[in-house]
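Inspection log for the structure reproduced underneath, given as structure tokens.
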Amino acid sequence: MNVNEIIEKLPGLGVEYTIKIILAVAIFVIGKWLAKSITRLMAKGLEKKGIESTLSFFVTNILYYLLIVVVIIAALGQLGIQTASFVAVIGAAGLAVGLALQGSLSNFAAGVMLILFRPCRVGDYVDVAGVSGTVKEISIFATTLLTVDNKTVIVANSAITSGNIVNYSTQSTRRVDFLFGVSYSADIKKVKSILLEVAQSDERVLKDKEVTCGVVELSDSSVNFVLRPWVKKEDYWGVYFDTMEAVKARLDQEGIEIPFPQMDVHLDK
């Protein structure tokens, strides 16, 4: 093809490529608008279903950028650029990122499970992954706990879902378990009466639930009693501390001995 033929075809090529560029720009602009509209509808749908805002934001962002990638590939294809290589590169990059972030992805999957199934919520007092505390935040990758001594502990979500989750806040009532030991010389019926009296005299102990009290063990140096009253969950620790103190005071008042470990040392001359 000589120079004259090229010059003759330039106007046609200019028009052809101008149309392709205009169509590519139109595909990008319309595609971007559609991507925003779809993600907006997705966000509203997730909000109506009560999905946590953190998860909703993350999912809609991923969806938006995936749609933008599709739009860009479509626009490049309209320009006549071979997009198969782009798709292959994106796929390889996605695989590499997935392998590099497999630990983070497992935390993400666990975070989705925690947010969807809600075994614990913000404000609940829980025991997870060997840590006890109040849930302050559940994010996509980790959960933040505040311990009773005011320490902030950040636990990976995968560590939470891979073990047992003990939630102390889901039920409105809790049973307080006590173990008291008295000497073998003590009157069993009297001890039982004292323990029941102390528990039932506390206004915070629920009257519609039976207080369990009885001998649970005959140990080496003591007769062990259990005392199990029921309380509202917010009264648990108050009842626990006050009952321990009240039982000790009453047993001392009644002259009932609480045995303690002793050691006899014999010296041979």
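Read-outs throughout are calculated quantities, based only on the coordinates presented, and are distinct from any laboratory measurement. Predicted model, so just to flag it, every value in this text is computed and none were measured. In this analysis, Cβ positions are derived from the backbone assuming ideal geometry, glycine residues included, and neighbour counts consider all displayed protein chains.
Quick notes on this structure:
- Cα-projected label distance for L76 with E245, points at 7 Å along beta-carbon direction, nm: 7.3 nm
- For a label point 7 Å along the Cα-to-beta-carbon line of V215, residues of the stretch 174-192 with backbone N under 17 Å: 179-192
- Panel note: the C-alpha atoms of the stretch 122-213, placed on their principal axes, show extents of 57, 30, 24 Å (largest first).
- Extension gain, E197 to T147: 0.36 nm times the residue separation minus the Cα-Cα distance gives 14.6 nm.
- Between I38 and L63, the contour length at 0.36 nm per residue exceeds the Cα-Cα span by 8.1 nm.
- Orientation-averaged projected area, Cα convex hull of the stretch 113-174 (nm²): 4.1 nm²
- Under 14 Å, Cβ to Cβ, from Y168 - net charge with Lys/Arg +1 and Asp/Glu -1: 0
- Applying a threshold of 18 Å to the alpha-carbon distances of K190/K248; K48/K136; K190/K232 flags K48/K136; K190/K232 as lying beyond it.
- Here the simple spin-label model places points 7 Å from the Cα toward Cβ, and for V122 and N164 these points are separated by 2.9 nm.
- Cβ-defined net charge surrounding Y65, 14 Å radius [Lys, Arg +1; Asp, Glu -1]: +2
- On full extension, the segment bounded by E234 and E47 gains 64.2 nm, given 0.36 nm per residue less the C-alpha separation.
- Sites matching GluC sites (Glu not before Pro) across the stretch 176-269 that sit in DSSP coil, with at most 10 neighbouring C-beta atoms within 10 Å: E203, E210
- Using only the C-alpha atoms, the convex hull of the stretch 173-253 corresponds to 85 Å³ per residue.
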